[in-house]
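First up is the structure itself, then whatever we jot down about it.
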Amino acid sequence: WVCSWGKSMLLYILAAALSAMPADAFQPVLRATGSARVGLFVGARRCQPLALVASLSARRRGPVHVQMNQQQAQDDLIIKLAEVGPLDLPSAASQSIKQVSNPAFFMRIATLSDESADEVQKAKLAALASNLVAALEVVVQRTDERMDESADVVQQVLAAAAEEDGQFELPLQLARVQAMREALLERRHLVDEGVLSCLFAYMKKAGEDELDGMVSIFQTMLQQWASIEVLEAKPGNAILERMLLQAPDNWPLILKEGVSSDDDKDALLTCVQSCVEKVVLQKASGSYGQRVQAEFLREMIAQIRNV
């Protein structure tokens with residue numbers, strides 16, 4: 001069927017999602033969104049982020065100890081930022097944007113200033129409070145610019161998947177998926193955390209508006225990006241490379257034709273595990289890139305095991 005929304009609905013989704021994105025959208029974290037979560041695959045299970053389990057002795061120390069550690073970490077960050085020059089402060093602040101953009105952070109600066117007996121340190125803390133406001137304004141401005149650039153990349157790739165009249169025919173035809181893949185390959189150096197963050201925001205907005213057709217298009221884009229990244233790792237297995245060049249809907253047939261014994265299955269799973277080590281574990285922990293690759297390879301492993 002041919003979507004009735006076309007370009008106007010796509011622009012609506014992009015504009016609405018862009019305006020709803022927070023200033024810290026480019027500080028990626030894995031957030032649980034309950035039943036509203038939209039993954040790379042239809043009916044995907046909630047992606048559980050990797051977490052470090054605290055030792056029993058650490059848990060026994062209780063919330064007071066944790067709170068003291070958090071305050072000490074905050075104080076250390078304040079002292080560190082107080083030594084940073086005004087020109088370098090925006091970059092330094094952006095690395096800890098969640099902490100420094102919290103009003104409590106400024107309250108703590110004032111408290112440390114009042115408690116300090118060192119006049120030089122008092123002056124540094126006063127300057128930090130003043131300079132930090134200007135630094136956050138610069139960070140927000142840069143984020144807005146990056147969001148615009150990321151939105152342009154997403155729109156360019158989506159345009160490659162549209163028909164000549166700007167409409168989207170769903171499910172996407174093979175030629176349109178291939179055109180999307182080629183557009184991603186051409187812009188591979190531009191697809192960074194900002195673009196992935198932007199894409200997740202659009203997909204979430206489309207899911208909330210029950211535009212399942214647009215969700216499937218965004219999922220296809222993420223799947224194509226993930227397969228390109230894994231192919232770059234040179235998996236060295238003909239069946240796996242064939243799967244990476246095909247849509248996930250074709251994986252069962254490829255596996256049926258290519259896997260005829262347990263040895264074949266084990267060899268394939270070993271190659272996928274190698275890709276996890278080469279691709280997923282090399283991504284920044286908690287990043288959107290790691291999240292996409294983990295879910296993509298998890299689905300691939302599940303299908304291989306079901307053969």
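FYI, it's all coordinate maths here, none of it is from the lab. No experiment lies behind these values; they were computed from the predicted model shown. Methodologically, a virtual Cβ is constructed for each residue, glycine included, from the backbone with ideal geometry; neighbour enumeration extends over all protein chains shown.
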- Row for segment 140-236, column shape: gyration tensor on C-alpha, a ≥ b ≥ c, rounded if a/c < 1.5 i.e. under 1.5, prolate if a/b over b/c, else oblate; value oblate
- Item | Farthest toward positive dipole pole in segment 198-260 [+1 Lys/Arg, -1 Asp/Glu at C-beta], among Trp251, Gln219, Leu199 | Trp251
- How large is ³J(HN,Hα) for each residue in segment 202-208, as worked out from phi by the Karplus curve 6.51 cos²θ - 1.76 cosθ + 1.60 (θ = phi - 60°), to whole Hz, x for Gly and Pro? 5, 5, 5, 5, 5, x, 5
- Message: Classify segment 73-131 from the C-alpha gyration tensor, please: rounded if a/c falls under 1.5, else prolate or oblate depending on whether a/b exceeds b/c.
- Response: oblate
- Query: Straight-line reach from Lys122: which lysines have a Cα under 28 Å away, not including same-chain ones fewer than 8 places off?
  - Reply: Lys80, Lys98
- Query: In what sequence, highest mean first, do 221-233, 109-121 appear when ranked by Cβ atoms within 10 angstrom?
  - Reply: 221-233, 109-121
- Determine the gain in length on full extension of the stretch Gln246-Gln72; use 0.36 nm per residue of separation and subtract their C-alpha separation, reporting nm with one decimal. 57.5 nm
- Please work out the FRET efficiency for the pair Ser261 and Lys234, using the Cβ-Cβ distance as r and a Förster radius of 25 Å; give the result to the nearest 0.05. 0.55
